[in-house]
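Written below as structure tokens is the structure these notes are about.
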Amino acid sequence: MRFARTCLRLSLLVLAALVLAAAGCKDFNETFKNNTNRAMTRLVITVKVQGASSFPHASKFYNNQPPNRVDRTGGPDADGYYTYQLTYVFFPPVQPGASVHIGLTFDQDQTLKLVDYYFTFFNDAERKRLAGFSMIPRIDPQQGLVVDVSNDAAAPGAVTVSQLQWAVHSEYVALANLDWTDPVLGLLTWHDFTPDLPLTLAPGDVVTFDVPDGPMAGTTHALVRWIATDEQGLVSQQPVMEMEIQDLPAATVPPMTAVPPGH
């Protein structure tokens, strides 16, 4: 693996030596391999940039793919380096053994250190959100299990849901199997919340979907999965959300528009 223009050469055979400097580079070009045993939806790259209290502006991106998120996580250190995490989201997921290439060109030369990288799924909070999109299951006094689908009022734009499904299961599904492509989940009977898809939610919109109680008899877990797209074209095929039915909250919520499946 290497930075373009031989600014940095890095051997992943020695993970302890991942901190290597690059002097005066405009280009960052790296290929990252998914060395895990499962498909992954996120690549998180940690870099250090000298003298940059905000992440330097880049004018070009390989394959027109900028980071989906940039977070400053530390600095400056004794040498004036600031630490940043660059998060890239991939759909379809990156398969085990597959590689992705990340590249960008800064407006000005930068002194960089590549610290680390890893592939992962969305974390617990992120896997329930896309832009301002979220899904919250609860027990309604009249309807039983429902799912509140919403787009935050402060969201930057609308979110379109193109697939929204639920299933039930009689036992806990291990976290490693909560993946659309997992054969265990493929054996479950998945139901559409509504045939009226795609569904577009403007900022502030909330829609409540009723999950029929009959199929839950004799089961202990409910599962939800969805595909959504924001106005920037970011598509999210979320890892499956699993809920223990007996632990779902029964707290009251503000009035919402109830939309049962089929309406």
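Close amide H contacts of Asp205 (hydrogens built in the peptide plane, cut-off under 5 Å, sequence separation of 5 or more or a different chain): Asn151. Report, ordered by chain and residue number, the aspartates and glutamates lying within cross-link reach of Lys26, taken as a straight Cα distance under 18 Å and ignoring same-chain residues fewer than 8 apart. The reachable aspartates and glutamates, counting only those whose Cα sits under 18 Å from Lys26, are Asp107, Asp109. Each residue of segment 147-156 was assigned a 3J(HN,Hα) from its phi angle through the Karplus curve 6.51 cos²θ - 1.76 cosθ + 1.60 (θ = phi - 60°); the sequence is 10, 8, 9, 9, 10, 4, 4, 8, 5, x Hz, with glycine and proline shown as x.
Rounded to whole numbers, the Karplus 3J(HN,Hα) couplings from phi for segment 103-120 are x, 8, 10, 6, 5, 10, 4, 10, 9, 10, 10, 8, 8, 6, 7, 7, 9, 7 Hz, using 6.51 cos²θ - 1.76 cosθ + 1.60 with θ = phi - 60°, and x at Gly and Pro.
A straight Cα-to-Cα reach below 18 Å connects Lys113 with the aspartates and glutamates Asp27, Glu30, Asp71, Asp77, Asp79, residues fewer than 8 places away in its own chain not being considered.
Just so you know, all these numbers are worked out from the coordinates, no wet-lab data involved. Bear in mind the structure is a predicted one, so any value in this text is a computation, not a measurement.
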